[in-house]
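Asker: Below you will find the structure I want to go over with you.
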Amino acid sequence: MKVLLRIVLFFFIFSVVTVITGYITFGLLTTSKSILVPDLKGKSLLDANGILSGVKLYLKVEGETYDDNVASGQIVKQNIPAGNKIKEGRTISVVMSKGRRFQTAGDLRGQPVEKAQDMAASNKQKVSKVIEVYSDTVEEGKVIAQRLSSEDKGGAELSVVISKGSYPSTLYCPDFITQEVAQAQELAKSLGLESNVTGTGPRITSQQPAPNSIIKKGTTVELRAASIEE
């Protein structure tokens with residue numbers, strides 16, 4: 001009989017404790033203040049933590065991801081959307097931005113190669129390959145084109161095409177021998193050639209390169225002046 005009484009008493013006490021515990025828990029849940037979840041997107045961790053602390057919520061970083069529109073070090077998304085109502089004391093999990101996966105290539109056309117390299121570096125890129133070609137429209141030493149246009153996304157390396165200036169035209173070297181010095185110099189100038197005259201005679205007696213040899217514009221022709229009789 002005593003054993004039965006003890007069992008009944010035990011279950012009675014257990015039931016009372018359960019009811020009281022449930023009542024307290026229910027009271028705490030129903031009396032907790034509802035919080036309107038703030039929008040944390042685009043905020044730094046410091047700012048987000050300050051905002052959440054002010055409404056008795058907590059912050060947790062779940063991870064990082066690349067994002068073209070949110071700067072590195074700012075929040076990309078949160079697990080509970082802004083505007084939802086939750087009880088105070090809850091934790092908001094966020095994902096941080098690592099910035100763009102790739103940088104945007106600047107427009108380097110028309111820039112001197114040194115400036116193009118500096119512009120690429122400011123975009124966290126490197127001019128890894130320089131190709132030189134002749135151009136009649138772009139000044140020597142300036143960028144004609146780049147592998148990635150200014151609107152495209154590129155990686156860390158960039159290739160550029162640099163102008164070597166106008167293509168050097170070729171011509172047959174005139175025969176200056178027997179010409180007067182002034183006449184020979186004028187002819188050389190008209191053809192885009194440089195002339196270097198040595199000697200003191202009135203006429204040209206020898207030249208280098210030889211007459212009718214193929215030369216490029218800008219070539220210096222060595223002329224020797226002397227008397228024909230010499």
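The values are calculated or read from the model by the stated rules, or taken from the named source; none is laboratory data. Note that the coordinates shown come from a computational prediction; the quantities given were computed from them, not determined experimentally. Here Cβ is always computed from backbone atoms with ideal geometry, including for glycine, and neighbour counts include all displayed protein chains.
Asker: Being among the basic types (Lys, Arg) and modelled with pLDDT under 90 is true for just one of ARG100, ARG90. Which residue is that?
Answerer: ARG100
Asker: Using the structure shown, decide if ILE35 is surrounded by 10 or more Cβ atoms within 10 Å (Cβ to Cβ), in contact with a Pro (Cβ under 7 Å, 6 or more places away or on another chain) and at pLDDT 85 or above.
Answerer: On the way: surrounded by 10 or more Cβ atoms within 10 Å (Cβ to Cβ): yes; in contact with a Pro (Cβ under 7 Å, 6 or more places away or on another chain): no; at pLDDT 85 or above: yes.
No.
Asker: Can you pull out every residue in segment 108-137 that is at pLDDT 85 or above and among the acidic types (Asp, Glu)?
Answerer: Across segment 108-137, the qualifying residues are GLU114, ASP118, GLU132.
Asker: Please find, within segment 173-215, the residue that is nearest to ALA225 (Cα to Cα) out of those that are of a type in the set (A, V, I, L, M, F, W, C) and in a strand (DSSP E or B).
Answerer: Taking the candidates together, the pick is ILE204.
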